[in-house]
Amino acid sequence: MADRVYPPVIAVLKTAWKYLGLKFTFTGDVNIPRNGGAILAINHIGYLDFALAGTAALPVNRYVRFMAKKEIFDNKIAGPLMRGMHHISVDRDSGSASFVAALRALKAGEIVGIFPEATISKSFEIKSLKSGAARLAIGANVPVLPTIVWGSQRIWTKGRKRDFGRKKVPISVYIGDPLYFTREVEVETAEAQIKT
């Protein structure tokens, strides 16, 4: 899969992170496979979570294909960028097409980023999880890497005014040990393991 759009977007992001003076701490990036498919199951506390989690995969030279709501793809500016980076559009009224697209990406050896809570947690506590991450992991026979982002809520989150003027915001991204699920595992059991 040709990646002509991702590298320049990363360059812009890195410039933005420098401007914001973000202080990154990546833990567990050694758990990201250098080859083959995997799922990053990421908590959701702010609007920049996808970009921050994607940044955590750069030291091991992997791009993350994020599952994101269809409305972002419908945007005149964001849409072409999302498609150019081969992210996966999710229509919440009809999720089967996005599930198939994610399954294909995983089987092709891509890393797919998923927010199993499906929305930003205003309390910053992990909410109940949707079953997609577990079902995809079982269907594609790939590991799930539970991923925690912390700090993005200080910059831009739901219900609060964004603050791009604040400097030296500490951002932590923790990537947990890979979880493997066989077809014999109940989806609910897999979900519980991902959440813990």
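The values are calculated or read from the model by the stated rules, or taken from the named source; none is laboratory data. Keep in mind that what you see is a predicted model, and the values were worked out from it rather than measured. Methodologically, a virtual Cβ is constructed for each residue, glycine included, from the backbone with ideal geometry; neighbour enumeration extends over all protein chains shown. SASA here: full protein model, heavy atoms, side chains in, ligands and nucleic acids out. Shrake-Rupley method; radii C 1.70, N 1.55, O 1.52, S 1.80 Å.
Quick notes on this structure:
- Local electrostatic count, GLY37, Cβ distance below 13 Å [Lys/Arg +1, Asp/Glu -1]: +4
- Region 1-64 - accessible surface per residue (Å², probe 1.4 Å): 48 Å²
- Think of region 40-196 as having a plus end and a minus end, set by charges on the Cβ of Lys, Arg, Asp and Glu; of TYR180, ALA190, PRO59, PRO59 sits farthest toward the positive end of this dipole.
- Sequence-separation-based contact order of the chain, relative, with Cα cut under 8 Å and 6+ spacing, percent: 33 percent
- Phi angles of region 175-181 translate, via the Karplus equation with coefficients 6.51, -1.76, 1.60 and θ = phi - 60°, into HN-Hα couplings of 10, x, 4, x, 10, 10, 10 Hz per residue; Gly and Pro are given as x.
- Here ALA11 and ASN141 are evaluated by their C-beta separation; at R0 = 45 Å the FRET efficiency comes out at 0.85.
- In a DSSP loop and with at most 10 other Cβ atoms within 10 Å, the trypsin sites (Lys or Arg not before Pro) in region 167-196 are LYS167, LYS168, ARG183.
- Carbon/sulfur fraction of accessible area - the chain, other protein chains in place, 1.4 Å, %: 55 percent
- Heavy-atom surface of region 99-196, accessible at 1.4 Å and reported per residue (Å²): 55 Å²
- Dipole magnitude of the chain about its Cα centre (Cβ charges: Lys, Arg +1; Asp, Glu -1), debye to nearest 20: 920 debye
- DSSP-assigned coil residues among GluC sites (Glu not before Pro) in region 103-153, each with at most 16 further Cβ atoms within 10 Å: GLU125
- Here the extension length gained between GLU188 and LYS168 equals 3.3 nm, from 0.36 nm per residue of separation less the Cα-Cα distance.
- Here Rg and Dmax of the Cα atoms in Å was computed from the coordinates, and among (i) 15.9, 50; (ii) 16.0, 46; (iii) 18.4, 57 the match is (i).
- Charge context of PHE124, other residues only, Cβ under 13 angstrom, K/R +1, D/E -1: +2
- Local electrostatic count at ARG92 - Lys and Arg +1, Asp and Glu -1, tallied over other residues with Cβ under 14 Å: -2
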